[in-house]
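Report on the following structure.
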Amino acid sequence: MNRIDVEVAIVGGGIAGLWIANLLLRRGIEVALCEGRAGGLSQTSAAQGIIHSGVKYALEGAATPASQAIAPMAARWRRCLAGRGEIDLRSVPVLSPHYHLWARGGLGAKLAATLAKQPWAGAEQVAAVDYPAPFERGDGTLFRLQDFVLDVPALCQRLATPLGERLLKVRVEPRHVAVAGAKVSALRLDALEVRARRFVFAAGAGNEALAAAAGHPTPMQRRPLQQVFAHGPSPAPIFAHCLTDDAPQPALTIATVGGCDAIGGALAEAGAARSEGEQVAAAEQALQAALPGLDWRRRRFDTLRIDRAEPAQADGRRPQQAFAAIGGNCLTVWPVKLTLAPQLGDMALKALGT
Ligand SMILES: Cc1cc2nc3c(=O)[nH]c(=O)nc-3n(C[C@H](O)[C@H](O)[C@H](O)COP(=O)(O)OP(=O)(O)OC[C@H]3O[C@@H](n4cnc5c(N)ncnc54)[C@H](O)[C@@H]3O)c2cc1C
């Protein structure tokens, strides 16, 4: 059996595992990362790549714990993109340097009045003459947010590169977690043993079983989504949250990635229980109402079902910030949002004592 001996072994090669691996490598700490995906989608590969500034989480006018946790993140990502942050992301393309908020009905006027009285950090109203094509014929008010959109496959590629041969394409089953005393001693795979002083479970939906096998049960929740994709000719890329009257959450969150519009938001959450046909019909109706200037009937639609995996919350809702819990020599992490990777990195370094 082959054996690898490192300081930290990480399970999971989504944003959480890749981000933490890069922080440790930059500190000269030997790392191995086990990624067991066999072609399927992870949360990270399904992400639209929006780096949020926090405005989306403060739509009722006041800051929330979620908006406060996320607000400092955009500046940290921007420093990384400029080569001056904790990780050098200069090679990662920015698909859109800002994001729009498109508020229809009374909500647009209400948000504009709020903004005039008390400017939100990171949001400005766009003059109607400057509306980009997708919004020209709509009945909403447009705001430009400081949120921006990254090319997620390029981000993951950039973060995977420094791992080289230490990025191991292996799936770690709970039975592979070898426990000695109160600590995990190794990941004993079929033809390979990965020994480490410390272990990081960054396996998204796989974390709950791994942490339990290590003797440190960490309750997890799943929030199912049915994301919609609109393929085919689109006159211009769209990067926008679309709000309907008085809803505190975007009804639609649209990002044009790889020539196709990925559509999330409340539609994707509410649509988890719908059939694909029902979800496509609901999406067409909502898109036509939000952006009537575009011919949505000429598009081809399909959907993707995927669960968000997060630390369990008493109310089952979205956690407000990233999560890292240490048990023995194991750290279990969930970033909760791609945007929160820098916050998760801080938490992980502190918990690992580096
Ligand atoms: C549709 C969608 C869109 C989103 N859009 C955004 C967005 O625009 N902006 C934003 O900030 N956030 C967004 N998010 C949230 C964000 O994508 C997630 O919070 C984040 O990607 C979670 O990262 P992760 O590394 O914890 O999990 P994952 O990305 O799921 O990665 C876990 C990895 O672990 C691997 N793995 C699992 N079990 C094992 C095992 N036993 N052995 C080895 N490997 C294993 C998996 O193959 C996977 O690659 C979105 C989420 C979804 C679902």
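Every listed requirement among (1) surrounded by fewer than 23 Cβ atoms within 10 Å (Cβ to Cβ); (2) in contact (Cβ under 8 Å) with a residue 24 or more places away in the chain; (3) in the same structural domain as Ile10 (by TED's automatic domain parsing) is met by Asp245 save one, (3). Looking across segment 257-278, the residues that are within 13 Å of the ligand (Cβ to nearest atom) and either touching a residue at least 40 places away in the same chain (Cβ under 8 Å) or in contact with a Lys or Arg (Cβ under 6 Å, 6 or more places away or on another chain) (or both) come down to Val257, Ala262, Gly264, Ala268, Glu269, Gly271, Ala272.
In the set (1) exposed (fewer than 15 other Cβ atoms within 10 Å of the Cβ); (2) assigned to a strand (DSSP E or B); (3) away from the ligand (no atom under 16 Å from the Cβ), Ile326 fails one condition alone, (1). Screening Lys337 with (1) within 16 Å of the ligand (Cβ to nearest atom); (2) outside the structural domain of Ala211 (by TED's automatic domain parsing); (3) out of contact with any strand residue (DSSP E or B) (no Cβ under 6 Å at 6 or more places or on another chain) gives one miss only, at (2).
Going by what's in this entry, would Val170 be described as among the β-branched types (Val, Ile, Thr) and not in a strand (DSSP E or B)? So Val170 passes the test. May I ask you to verify whether Ala283 is surrounded by 15 or more Cβ atoms within 10 Å (Cβ to Cβ), more than 16 Å from Phe201 (Cα to Cα) and away from the ligand (no atom under 11 Å from the Cβ)? So Ala283 passes the test. Filter segment 69-90 down to the residues that are aliphatic (A, V, I, L, M), in a loop (DSSP other than H, G, I, E, B) and more than 18 Å from Ala154 (Cα to Cα) and list them by number. Across segment 69-90, the qualifying residue is only Ala71.
The values are calculated or read from the model by the stated rules, or taken from the named source; none is laboratory data. As the structure is a computational prediction, the values presented were derived from the model and not from experiment. For neighbour counting, all protein chains shown are included, and Cβ atoms are generated from backbone atoms with ideal geometry for every residue, glycine included.
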